[in-house]
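> The structure under discussion is supplied below as structure tokens; questions concerning it will follow.
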There are 2 protein chains.
Amino acid sequence: MKNFYYHIPTEVFFGKGQIENLAPKIGDYSKKVLLVYGGGSIKRTGLYEKVIEKLVSHGIAVFELGGVEPNPRIDTVRRGVKLCKSHEIGAVLSVGGGSTTDCAKLVAAGALYDGDPWELVLDNGKIKEALPIFTVVTIAATGSEMDRLAVISNMDTNEKLAVFSPYFHPKVSILDPEYTYTVPKIQTAAGTADIMSHVIERYFNPYEGAYLQNRIGDGLLKTCIHFGPIACEEPNNYDARANLLWTSTLAIDGVTWRGNEVGSSAHPMEHELSAYYDITHGIGLAILIPHWMRYILSEQTKPRFVEYAVNVWGVDSALPDDEIAKAGIERTHAFFESLGIPMRLSDLDIDETHFDEMAEKAEKRTKFSYVPLSKEDVKSIFKAAL
Amino acid sequence: MKNFYYHIPTEVFFGKGQIENLAPKIGDYSKKVLLVYGGGSIKRTGLYEKVIEKLVSHGIAVFELGGVEPNPRIDTVRRGVKLCKSHEIGAVLSVGGGSTTDCAKLVAAGALYDGDPWELVLDNGKIKEALPIFTVVTIAATGSEMDRLAVISNMDTNEKLAVFSPYFHPKVSILDPEYTYTVPKIQTAAGTADIMSHVIERYFNPYEGAYLQNRIGDGLLKTCIHFGPIACEEPNNYDARANLLWTSTLAIDGVTWRGNEVGSSAHPMEHELSAYYDITHGIGLAILIPHWMRYILSEQTKPRFVEYAVNVWGVDSALPDDEIAKAGIERTHAFFESLGIPMRLSDLDIDETHFDEMAEKAEKRTKFSYVPLSKEDVKSIFKAAL
């Protein structure tokens, strides 16, 4: 097991009606908050109105940054930063999914930074402070509500980059599974794939001593496999939504990778797809993961694939190892497909046009993953996924 | 899944050499620290000297509270409180196991309380603040290094009581698996049983919707089952010690019971054994748990026992449910026995003398457990364990 540092200061209020705790917590920090949200689904569901009412009745002035994109853009961050600076706003509240929260995080840091916020994306070390961040979560997917990560896109340069900062841990996150009832089936499926990818990309690591981490990973993955299909078919099933939501929060900055930290593989490849084609992150991941697995399966990596297939998918351990390993990969593919996810890049109108430049950018991170991937490796995986 | 609140502010430094982070962290809070430790094993291993050297070279004055008992006593807490008050000490550092940390926690609260610290044990709500608490862990067992719980004994009244406070979360905990190499075999076994009891007592809960929590519980229990015997046989096996240590920390105030919280059962019964006979906590638990399981197994509870046997022990799910459920219990008993734990109360020179009064006290808490246990139920379990 590798040495590690573990510190998750976020306060989580989980369950029905927990929104009651939001305004008093924000009020402890500021009487002016920037409300960050996406395309307006929170207006249709009534959550927008409810949040505003709670804040205002608590004496908190609300400023708004709406229209955050599914792959949040630096231009939107800049708008938020400007609002915070000109109105001397003291807190940032994200109501939405991971994109909204990621945008809120960078706004919170940008508000206390003198230069352009894109500089913080390019050099995370420049983030020395951030406004306090609060979240109300409306989809089980990224886990941004309890982690120190944000992913921001720059459409001018076709860049989608991960930003890490200890100042990005939200102060308080409200996780009410009922707020995820209205997530459409395909987004529920994509969110489930995103959660699973966060676990899987750490599960495949070279550290034999990090046994506990993968046993917890088994549990998180089994929960997705059990409840993903239920949530897709019964959107108002509380337990399915609750299990997926808490799994998503624990999957990324929780307990599955401290002690076995390894560079991501499918994520940097998917970030290139999103940066060029603005696709749904979880769908890109679901398409790439089985191909990535097939590509890296070797005599050396086989034991990890066997561990995965037997513990997560219940593949019969009496079979030959080759069969077990492949069965785990095929079960993964079939599961994503069963959720209704399109499983080929061509289904998303993606062709080979940008593969070369995308692979070149992805390589900067994939060369640090479990099985280091060169530009040519990444291209091969993209091509297999066409 | 039940509503819950999750907040674990403790900073954990895990792994070899992490002691380097201790003195600077304490120094951020105070230049005077109370060093709390037990029977002196840390002097034999050289850890005592190392800690003192780090603190002193960082300009921190060290005061000492040594001789903390395996079941820490209120008299010892009173000694520590007196030292803190008379020397205006601003931080408390536990170097040892759960007993030492539990004692340090109550000292930290008592130092900022005007009355006698036993009043805080009897009424946890009276704890309004505490000195900052730091820990260096030397045994994998209680998980006190990241939780909000302390257990304190009063030998005058034969009381051993749990104390809860949000102020008990340590600020910083140093978890170096190498410091647990010298834990004797029987204490390693008892610690493993203690960790497993923390998971098992939440695993058996009436909440069907809390699926994720039990899947994480499976992972923690499997880790104990895998590495407990290795640590007993190879005390210097780093990975075995590391996995047990991190499992112990996560098992009690981590992720296994948020959303399925249920009252303890074996713990309140064992606390009576320790309060009257001063036995090792984990050994008392290992003896009681299989008897408690046999006692509460019924048509109603059988599905949970089946879940436990199949997922944790790998019992063949094709067998009849009755056989599966019983096999899980017998595997639990056999496992504890295989670690060298004496499995009868009479092995510890405990007889029926105090069963009546012990059961009466235990009932105050066991009546809130998964299957509520009356005084007579507790007596029956004690008798079966003789």
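The values are calculated or read from the model by the stated rules, or taken from the named source; none is laboratory data. Just so it is clear, the structure is predicted and the values come from calculations on it, not from any experiment. All Cβ positions, even for glycine, are placed from backbone atoms using ideal geometry, and neighbour counts span all protein chains on display.
> Looking at (1) surrounded by 23 or more Cβ atoms within 10 Å (Cβ to Cβ); (2) part of a strand (DSSP E or B), which is the one condition that is false for B:Phe63?
For B:Phe63, the exception is condition (1).
> Further, regarding this structure: For segment B:301-314, give me the residue count where each residue is assigned to a loop (DSSP other than H, G, I, E, B) and of a type outside the set (Gly, Ala, Ser). Don't jump to the end; show me each part of the working.
So in segment B:301-314, the residues assigned to a loop (DSSP other than H, G, I, E, B) come out as B:301, B:314.
With the extra rule that they be of a type outside the set (Gly, Ala, Ser), the set shrinks to B:301.
Within segment B:301-314, residues that are assigned to a loop (DSSP other than H, G, I, E, B) and of a type outside the set (Gly, Ala, Ser) number 1.
> Can I ask one more? Select from segment B:245-256 the residues that are assigned to a helix (DSSP H, G or I) and more than 7 Å from chain A (Cβ to nearest Cβ) and list them in ascending order.
First pass over segment B:245-256, keeping only residues assigned to a helix (DSSP H, G or I): B:245-253.
Matches in segment B:245-256: B:Leu245, B:Ser248, B:Thr249, B:Ala251, B:Ile252, B:Asp253.
> Out of the residues in segment A:76-93 that are touching a residue at least 60 places away in the same chain (Cβ under 8 Å) and of a type outside the set (Val, Ile, Thr), which is farthest from A:Leu22 (Cα to Cα)? Let's see the steps before the verdict.
Going through segment A:76-93, the residues touching a residue at least 60 places away in the same chain (Cβ under 8 Å) turn out to be A:77, A:90-91, A:93.
Narrowing the set further to residues that are of a type outside the set (Val, Ile, Thr) leaves A:90-91, A:93.
Working: A:Gly90: 15, A:Ala91: 12, A:Leu93: 10 Å.
The selected residue is A:Gly90.
> Let me ask something else about it. For B:Ala193, are the conditions met, namely being within 14 Å of chain A (Cβ to nearest Cβ) and either of a type in the set (A, V, I, L, M, F, W, C) or buried (at least 21 other Cβ atoms within 10 Å of the Cβ) (or both)? Explain how you work it out, then say what you get.
Details: within 14 Å of chain A (Cβ to nearest Cβ): no; either of a type in the set (A, V, I, L, M, F, W, C) or buried (at least 21 other Cβ atoms within 10 Å of the Cβ) (or both): yes.
Judged against the criteria, B:Ala193 is not a match.
> Looking at segment B:45-74 only, could you name the residues that are closer than 30 Å to B:Tyr276 by Cβ, touching a residue at least 60 places away in the same chain (Cβ under 8 Å) and either out of contact with any helix residue (DSSP H, G or I) (no Cβ under 7 Å at 6 or more places or on another chain) or of a type in the set (S, T, N, Q) (or both)?
Within segment B:45-74, B:Asn71, B:Arg73 meet the criteria.
> Hey, any hits in segment A:153-172 for a residue that's aliphatic (A, V, I, L, M), assigned by TED's automatic domain parsing to the domain that holds A:Leu120, within 14 Å of A:Thr10 (Cα to Cα) and more than 17 Å from the chain's Cα centre (by Cα)? Lay out the reasoning, then the answer.
To start, the set of residues in segment A:153-172 that are aliphatic (A, V, I, L, M) comprises A:155, A:161-163, A:172.
Retained after the next criterion (residues that are assigned by TED's automatic domain parsing to the domain that holds A:Leu120): A:155, A:161-163, A:172.
If we keep only those that are within 14 Å of A:Thr10 (Cα to Cα) too, we end up with A:172.
The next check asks that each one be more than 17 Å from the chain's Cα centre (by Cα); those that pass are A:172.
Yes, the conditions are met somewhere in segment A:153-172.
> For segment B:234-244, enumerate the residues that are among the charged types (D, E, K, R) and within 9 Å of chain A (Cβ to nearest Cβ). Spell out how you get there, then give the answer.
First, the residues of segment B:234-244 that are among the charged types (D, E, K, R): B:234, B:239, B:241.
If the condition is that a residue be among the charged types (D, E, K, R) and within 9 Å of chain A (Cβ to nearest Cβ), then B:Asp239 is the only one that fits.
> Which residue is farthest from the chain's Cα centre (by Cα), if the candidates are limited to segment A:342-369 and must be part of a loop (DSSP other than H, G, I, E, B) and surrounded by fewer than 21 Cβ atoms within 10 Å (Cβ to Cβ)?
Narrowing segment A:342-369 to residues part of a loop (DSSP other than H, G, I, E, B): A:342-344, A:349-351, A:367-368.
With the extra rule that they be surrounded by fewer than 21 Cβ atoms within 10 Å (Cβ to Cβ), the set shrinks to A:342-344, A:349, A:351, A:367-368.
On the way: A:Pro342: 19, A:Met343: 19, A:Arg344: 21, A:Asp349: 23, A:Asp351: 25, A:Lys367: 21, A:Phe368: 20 Å.
Residue satisfying both the conditions and the ranking: A:Asp351.
> Could you tell me which residue of segment A:1-29 is nearest to B:Asp239 (Cα to Cα), considering only residues that are out of contact with any Ser or Thr (no Cβ under 8 Å at 6 or more places or on another chain) and among the aliphatic types (A, V, I, L, M)?
So in segment A:1-29, the residues out of contact with any Ser or Thr (no Cβ under 8 Å at 6 or more places or on another chain) come out as A:1-6, A:8-9, A:14-22, A:24-29.
Pick out the ones that are also among the aliphatic types (A, V, I, L, M) and you get A:1, A:8, A:19, A:22, A:26.
Numbers: A:Met1: 6, A:Ile8: 24, A:Ile19: 42, A:Leu22: 42, A:Ile26: 43 Å.
Across segment A:1-29, the extreme among qualifying residues is A:Met1.
> Right, A:Ala109: out of contact with any strand residue (DSSP E or B) (no Cβ under 6 Å at 6 or more places or on another chain), small (Gly, Ala, Ser), in a helix (DSSP H, G or I) and surrounded by 24 or more Cβ atoms within 10 Å (Cβ to Cβ) or not? Before you say what the answer is, go through the steps one by one.
On the way: out of contact with any strand residue (DSSP E or B) (no Cβ under 6 Å at 6 or more places or on another chain): yes; small (Gly, Ala, Ser): yes; in a helix (DSSP H, G or I): yes; surrounded by 24 or more Cβ atoms within 10 Å (Cβ to Cβ): yes.
So A:Ala109 fits the description; yes.
> Let me ask another. Scan segment A:224-244 and tell me whether some residue there is outside any helix (DSSP H, G or I), closer than 27 Å to A:Thr10 by Cα and free of Cβ contacts under 8 Å to residues at least 40 places away in the same chain.
Scanning segment A:224-244, I find at least one residue that is outside any helix (DSSP H, G or I), closer than 27 Å to A:Thr10 by Cα and free of Cβ contacts under 8 Å to residues at least 40 places away in the same chain, so the answer is yes.
> Condition test on B:Lys16, is it more than 14 Å from every other protein chain (Cβ to nearest Cβ) and either touching a residue at least 40 places away in the same chain (Cβ under 8 Å) or closer than 22 Å to A:Asn3 by Cα (or both)? I'd like the intermediate steps shown before the answer.
Details: more than 14 Å from every other protein chain (Cβ to nearest Cβ): no; either touching a residue at least 40 places away in the same chain (Cβ under 8 Å) or closer than 22 Å to A:Asn3 by Cα (or both): yes.
Answer is no for this residue.
> Still on this model: For segment A:292-307, indicate whether the set of residues that are within 14 Å of chain B (Cβ to nearest Cβ) and either in contact with a Lys or Arg (Cβ under 9 Å, 6 or more places away or on another chain) or at pLDDT 95 or above (or both) is non-empty.
yes
> Within the bounds of segment A:23-40, is there any residue that is within 30 Å of A:Ser274 (Cβ to Cβ), in contact (Cβ under 8 Å) with a residue 40 or more places away in the chain and surrounded by fewer than 19 Cβ atoms within 10 Å (Cβ to Cβ)? Give the steps one after another, and end with the answer.
Here is the first cut: in segment A:23-40, the residues within 30 Å of A:Ser274 (Cβ to Cβ) are A:33-40.
Adding the requirement that they be in contact (Cβ under 8 Å) with a residue 40 or more places away in the chain leaves A:33-38.
Of the ones still in play, those that are also surrounded by fewer than 19 Cβ atoms within 10 Å (Cβ to Cβ) are none.
No, there is no match, as no residue in segment A:23-40 is within 30 Å of A:Ser274 (Cβ to Cβ), in contact (Cβ under 8 Å) with a residue 40 or more places away in the chain and surrounded by fewer than 19 Cβ atoms within 10 Å (Cβ to Cβ).
> Right, something else. B:Gly259 is checked against (1) assigned to a loop (DSSP other than H, G, I, E, B); (2) among the small types (Gly, Ala, Ser); (3) under 17 Å from the mean Cα position of the chain (by Cα) and fails just one. What number does that condition carry?
Single failed check for B:Gly259: (3).
> Would you check if there is a residue in segment A:243-251 being β-branched (Val, Ile, Thr), surrounded by fewer than 21 Cβ atoms within 10 Å (Cβ to Cβ) and on the phi < 0 side of the Ramachandran plot? Walk me through how you get there before you give the answer.
Residues of segment A:243-251 that are β-branched (Val, Ile, Thr), as a first pass: A:247, A:249.
Right, trim to surrounded by fewer than 21 Cβ atoms within 10 Å (Cβ to Cβ) and you get none.
The answer is no, given that none of the residues of segment A:243-251 is β-branched (Val, Ile, Thr), surrounded by fewer than 21 Cβ atoms within 10 Å (Cβ to Cβ) and on the phi < 0 side of the Ramachandran plot.
> Right, here's the next one. So B:Ser317 ticks every box in (1) buried (at least 16 other Cβ atoms within 10 Å of the Cβ); (2) farther than 21 Å from B:Phe164 by Cβ; (3) small (Gly, Ala, Ser) but one. Which box is left unticked?
Looking at each condition in turn, B:Ser317 falls short on (1).
> Among the listed residues A:Ile74, A:Ile8, A:Ile26, identify the single one that is within 20 Å of the chain's Cα centre (by Cα) and away from chain B (no Cβ under 14 Å). Outline the logic, then answer.
Working: A:Ile8 fails: away from chain B (no Cβ under 14 Å); A:Ile26 fails: within 20 Å of the chain's Cα centre (by Cα).
None of the others qualify; the one that does is A:Ile74.
> Can you report the number of residues in segment B:112-136 which are of a type outside the set (Val, Ile, Thr) and in contact (Cβ under 8 Å) with a residue 40 or more places away in the chain?
Qualifying residue count, segment B:112-136: 7.
> So is B:Ser41 modelled with pLDDT of 95 or more and either closer than 23 Å to B:Pro166 by Cα or of a type in the set (S, T, N, Q) (or both) or not?
Working: modelled with pLDDT of 95 or more: no; either closer than 23 Å to B:Pro166 by Cα or of a type in the set (S, T, N, Q) (or both): yes.
Spelling it out, it is not the case that B:Ser41 is modelled with pLDDT of 95 or more and either closer than 23 Å to B:Pro166 by Cα or of a type in the set (S, T, N, Q) (or both).
> Further, regarding this structure: Out of B:Ser298, B:Ser317, report the one residue that is polar (S, T, N, Q), outside any helix (DSSP H, G or I) and within 30 Å of A:Thr247 (Cβ to Cβ). Break it down into steps so the answer makes sense when it comes.
Details: B:Ser298 fails: within 30 Å of A:Thr247 (Cβ to Cβ).
Only one candidate qualifies: B:Ser317.
> A further question on this structure: In segment B:200-233, which residue that is touching a Lys or Arg at 6+ places or on another chain (Cβ under 6 Å), at the interface with chain A (Cβ under 8 Å from one of its Cβ atoms) and of a type outside the set (Gly, Ala, Ser) is surrounded by the most Cβ atoms within 10 Å (Cβ to Cβ)?
Within segment B:200-233, the match that is surrounded by the most Cβ atoms within 10 Å (Cβ to Cβ) is B:Thr223.
> Give A:Pro177, A:Pro166 a once-over and let me know the one that is in contact with a Phe, Trp or Tyr (Cβ under 7 Å, 6 or more places away or on another chain) and either within 14 Å of chain B (Cβ to nearest Cβ) or surrounded by 20 or more Cβ atoms within 10 Å (Cβ to Cβ) (or both).
On the way: A:Pro166 fails: in contact with a Phe, Trp or Tyr (Cβ under 7 Å, 6 or more places away or on another chain).
Every option except A:Pro177 fails the conditions.
> Could you grab me the full set of residues in segment A:254-268 that are out of contact with any strand residue (DSSP E or B) (no Cβ under 7 Å at 6 or more places or on another chain) and β-branched (Val, Ile, Thr)?
Selection gives A:Val255, A:Thr256.
> If you don't mind, there's one more thing I want to ask. Which ones in segment A:128-147 are closer than 19 Å to A:Val81 by Cα and either surrounded by fewer than 20 Cβ atoms within 10 Å (Cβ to Cβ) or touching a Gly at 6+ places or on another chain (Cβ under 9 Å) (or both)? Write out each step before concluding.
Let us first name the residues in segment A:128-147 that are closer than 19 Å to A:Val81 by Cα, namely A:128-135.
Within segment A:128-147, A:Lys128, A:Glu129, A:Ala130, A:Leu131, A:Pro132, A:Thr135 meet the criteria.
> Moving on to the next point. Do we find a residue being closer than 29 Å to A:Ile152 by Cβ, within 14 Å of chain B (Cβ to nearest Cβ), surrounded by 23 or more Cβ atoms within 10 Å (Cβ to Cβ) and free of Cβ contacts under 8 Å to residues at least 60 places away in the same chain anywhere in segment A:259-282? I'd like the intermediate steps shown before the answer.
Going residue by residue through segment A:259-282, those that are closer than 29 Å to A:Ile152 by Cβ are A:259-282.
Of the ones still in play, those that are also within 14 Å of chain B (Cβ to nearest Cβ) are A:259-261.
Checking the rest, the ones that are also surrounded by 23 or more Cβ atoms within 10 Å (Cβ to Cβ) come to A:259-260.
The next check asks that each one be free of Cβ contacts under 8 Å to residues at least 60 places away in the same chain; those that pass are none.
Checked segment A:259-282: no residue is closer than 29 Å to A:Ile152 by Cβ, within 14 Å of chain B (Cβ to nearest Cβ), surrounded by 23 or more Cβ atoms within 10 Å (Cβ to Cβ) and free of Cβ contacts under 8 Å to residues at least 60 places away in the same chain.
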